[in-house]
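Following: one structure in structure tokens, then a few remarks.
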Amino acid sequence: MTPRQASDDRRPEGAGGLNPPPKPLVEMRDISIAFGGIKAVDGVSVDLMPGEVVALLGHNGAGKSTLIKILSGAYRADAGEILVEGQPAEIHSPRDAKRYGIETIYQTLALADNVDAAANIFLGREITTRWGMLDDATMESETRKVMARLNPNFRRFKEPVRALSGGQRQSVAIARAIHFNARILIMDEPTAALGPAETAQVGELVLQLKAQGIGIFLISHDIHDVFELADRVSVMKNGRLVGSARTADVTKDEVLGMIILGKCPEGAIPGPGAMVTG
Amino acid sequence: MRQLEIDPRLVGMLAALAVIWVGFDLLSGGAFLTPRNLWNLSVQTASIGIMACGMVLVIVTRNIDLSVGAILGFVGMVVGVAQARWLPEVLGLEHPATAFIAVALGIGVGGLIGLLQGGLIAYLGIPSFIVTLGGLLVWRGSAWWVTQGQTVAPMDGRFRMLGGGIQGAIGANASWILGALACIAIIAGMAMLRRRRLAFGFPVRPGWAEGLLMGLSCMAVLGAVAVANAYPIPAGVARRMAEAQGIPWPEEGLFIAHGLALPVIVALGVGIAMTVLATRTRFGRYVFAIGGNPEAAELSGVNTRRTLMLVFGLMGALAGLSACIATARLNAATNAAGTLDELYVIAAAVIGGTSLAGGLGSVAGAMLGALVMQSLQSGMVLLGVDTPLQNIVVGLVLVFAVWLDGAWRRRLK
């Protein structure tokens, strides 16, 4: 698949009779960023289709979180470009990213521990009354609705999120990401702090969101999770892309080989970081 | 207590205040709990109380402002020189606009100083401790510079009302009207909030608890008015006032009440406005979110730097307002005004339950904290305790209060 062709395809939908190749929701092209001379991400390109789950894999320090923080606006890339639905996107801050419908569930959850669930979910996007005052009642009501969907047993709406369990905190972070009609969802280790039941719940949610046509970047250590949920994997090593592959075309062992050795198997499209095999 | 849904720490502070008041009253042989002393206490608290409201937000964002006393000193000099030297030349002496211009100037200059310091902290990343420590020296020095250390006096007549005193009290009838309006606002506000929560089907307090809270709040307001109205102005002044209005002076004297003092009304107004700002607006929500997790606030799309700069701007503006009150009360601008005020303001906020770790604090708590501090001080003055010993006691109380608060919070976890 060549995303570049897809993005150059400007035909109106339905014209021509043939099914046009779908436009990627997001393309990150040749992204590089360096911190104090160390290239954390070096010429990486990844893309994401509507309704697709793409897993980003790699060791700690491989650069996957950094790459994703560029997309979510937390960092600014030194080089490269980001396209959203084929159009160049200017993402300089988390606010910009949210304008493009890019929502992120951070590994650290990024919750303000001292305020309640509603305040966290609506942080930066508060609902206000006619007089510009916070409309806490409406926000609480919306929070009750979204939490009923994610975590039906959740009752502690008035307590600071500090007082919540790991799973409850996680659902607040997820609620914040999905409540505002995200088109692109970034999930950084969404199940790292969860028990088996909650992990399964997150898995179900991913499938549900996927069915709604939301594109998801999934960052994970857990290769079993990845094979269950992801359509494609992109593997990074030392800041560079080893390769990308459809999960149907590769085995778990081959993906492990990509992660550990940087060896790109037959079924994958090699990236600039692939080990030159002899 | 649970059904009342009120912060137990607030109740604890009120209890502490009651202990202090009753204790001093017993020790002083009934001199503390008199309308006169309580009225003076309220006026003395106004300046620190106003600044404590701003300090809450500063500390909630995990910052500190050590420069408020020096800003007060500098702004006080500017305000004093403006109305004693500049404005009389332009407008003439005792022009009706002088007081308004002076107050606007004070708030404006204070706000600009705050914004400048906030900008350095937020955009250049210099720690607030350092910026405001520098500010302490800079503005205290500048306060001297305005007149080379000369005291400026007297102040404009209308401006002096801001300092309290006989001219600065609004009288009995106006006080009752204000108190009644406050009660109506309290009842209407609580009823509206309750109706709104019921409309969404959220849990509410039981009716008796709601009624009890309304009753207690209104009693507190009306009680304060009654105390202020029980403090008569001195007979000589009353006599002159009566003669000016052509009322014959009766043999047994005439009871003319002070009523609420203007600086106290201003301070309470600031307290209400700051409470609304802190709890009901986006700005306040961002301030608390930044205090809880600055990184999360930034990632949620909050403009953390602008918010931080505005918090310091607001602190500066409130210091400017306090400068007006302090200057008016003294009827003079001196370059030493506000010395050590930063420490009293920080202490008031901290005693009022503001956590130095950030993310936690309330405006009402800080104002109560200011009242506790001022009660201790004027109580000791009443008992004739020497100034050095006063400082020792205040210092010990501060440390004890913070320890108590921390211990209580740890027990909660």
Rounded to 10°, Cα long-axis angle of helix A:196-211 versus longest principal axis of chain A:
70
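For segment B:306-365, report the translational diffusion coefficient in µm²/s to the nearest whole number, using Stokes-Einstein at 4 °C, 1.567 mPa s, and a Kirkwood Rh over Cα pairs. Please list the in-between numbers first.
Numbers: Rh = 13.2 Å.
Using the Kirkwood radius from Cα pairs, D works out to 98 µm²/s.
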Separation of the residue A:208 and residue B:180 label points, Cα + 7 Å toward Cβ, nm:
5.6
Would you please classify the overall shape of segment B:356-404 from the alpha carbon gyration tensor, given that a ≥ b ≥ c denote the square roots of the eigenvalues, rounded means a/c under 1.5, and beyond that prolate means a/b larger than b/c while oblate covers the rest?
oblate
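Test of the criteria: in segment B:157-223, which chymotrypsin sites (Phe, Trp or Tyr not before Pro) are in a DSSP loop and have at most 16 other Cβ atoms within 10 angstrom of their Cβ? Write out the running numbers ahead of the final one.
Working: sites: B:159, B:176, B:200, B:208; in loops: B:200.
Here the chymotrypsin sites (Phe, Trp or Tyr not before Pro) that fit, given the DSSP loop and packing criteria, are B:200.
In a shell of Cβ-Cβ distance under 14 Å around residue B:52, excluding residue B:52 itself, what net charge do Lys and Arg (+1) and Asp and Glu (-1) give? Intermediate results must be reported in sequence, preceding the final value.
Values: positive: none; negative: B:65, B:341, B:342.
Computed value for this residue: -3.
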Can you work out the accessible area per residue across the protein assembly as shown, with the rest of the protein chains kept in place, probe 1.4 Å, in square angstrom?
46
Would you please give the residues with an amide H less than 5 Å from that of residue A:79, counting only those at least 5 places away or on a separate chain, with H modeled from the backbone geometry?
A:32
Between beta-carbons, use under 13 Å as the cut-off and find the net charge around residue A:236, counting Lys and Arg +1, Asp and Glu -1.
+3
Reduction of at least 50 Å² in accessible surface, 1.4 Å probe, comparing all protein chains with the chain by itself, residues of segment B:263-303
B:280, B:282, B:285, B:299, B:300, B:301
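May I ask which of A:69/A:263; A:158/A:210; A:23/A:98; A:98/A:158; A:39/A:263 have a Cα-Cα span longer than 29 Å here? Write out the running numbers ahead of the final one.
On the way: A:69/A:263 26 Å; A:158/A:210 31 Å; A:23/A:98 20 Å; A:98/A:158 26 Å; A:39/A:263 21 Å.
In this structure, A:158/A:210 lie more than 29 Å apart at Cα.
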Within chain B, which whole H helices from DSSP have a Cα span along their axis of at least 24 Å and a mean Kyte-Doolittle hydropathy of -1.0 or more, if any?
B:8-27, B:35-60, B:97-123, B:128-147, B:172-199, B:207-229, B:262-280, B:304-330, B:363-383, B:387-412
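Roughly how many percent of the accessible protein surface of the protein assembly as shown is carbon and sulfur, given a 1.4 Å probe and a whole-percent answer?
Details: 19800 of 31850 Å².
Here carbon and sulfur together make up 62 percent of the probe-accessible area.
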Acute angle (nearest 10 degrees) that the helix A:166-178 long axis makes with the longest principal axis of chain A, alpha-carbon atoms:
80
Net charge within 14 Å of residue A:41 by Cβ-Cβ distance, Lys/Arg positive one each and Asp/Glu negative one each, not counting residue A:41 itself?
+3
Provide Rg and Dmax in Å for the protein assembly as shown, with only Cα atoms included in the calculation.
31.4, 118
For segment B:170-259, I need the span (max minus min coordinate) of the C-alpha atoms along each principal axis, in Å, sorted largest to smallest.
63, 19, 13
For segment B:318-413, would you read off the P(r) tail past 19 Å as a percentage of all alpha carbon pairs?
50
Near residue A:64, which aspartates and glutamates are there with a Cα under 12 Å away, not counting those fewer than 8 places off in the same chain?
A:42, A:188, A:189
Segment B:52-145: which trypsin sites (Lys or Arg not before Pro) are DSSP loop and have at most 13 other beta-carbon atoms within 10 angstrom?
none
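Grab the alpha carbons of segment A:129-258, take their convex hull, and tell me the volume per residue in Å³.
Working: hull volume 19.2 nm³, N = 130.
That works out to 148 Å³ per residue.
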Give me the summed buried accessible area for the B-A pair, 1.4 Å probe, to the nearest 100 Å².
2500
The protein assembly as shown - share of DSSP beta bridges that are antiparallel (%, nearest 5)
60
Karplus-derived 3J(HN,Hα), 6.51/-1.76/1.60, for each residue of segment A:73-82, Hz, glycine and proline x:
x, 6, 10, 10, 5, 6, 8, x, 9, 10
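Just by accessible area at a 1.4 angstrom probe, what is the order of A:67, B:343, A:194 from largest to smallest? Before the final figure, lay out each step's value.
Working: A:67 0, B:343 95, A:194 25 Å².
Correct descending sequence by accessible area is B:343, A:194, A:67.
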Rounded to two decimals, what is the ratio between the C-alpha radius of gyration of chain B and 2.2 N^0.38 Å?
1.02
So what is the 222 nm mean residue ellipticity for the protein assembly as shown from helices alone, if each DSSP H run of at least 4 adds -39500 (n - 2.57) and you divide by all residues, rounding to the nearest 500 deg cm²/dmol?
-18000 deg cm²/dmol
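Please return the longest range in chain B lying between exposed loop sites, taking GluC sites (Glu not before Pro), DSSP loop only, at most 10 other beta-carbon atoms within 10 Å, and leaving the sites out.
Numbers: sites that count: B:251, B:252.
Value returned for the longest uninterrupted segment is B:1-250.
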Helix A:252-261 against the longest principal axis of chain A: what's the angle in degrees, Cα atoms only, rounded to the nearest 10?
80
What's the center-to-center distance, using Cα atoms, between segment B:292-314 and segment B:219-236 in Å?
43
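The values are calculated or read from the model by the stated rules, or taken from the named source; none is laboratory data. Fair warning: this is a prediction, and the values are worked out from it, not measured in the lab. When we count neighbours, we look across all protein chains shown, and the Cβ atoms used for this are built from the backbone with ideal geometry, even at glycine. Quick note on the areas: whole protein, heavy atoms, side chains included, nothing else; ligands and nucleic acids left out. Shrake-Rupley method; radii C 1.70, N 1.55, O 1.52, S 1.80 Å.
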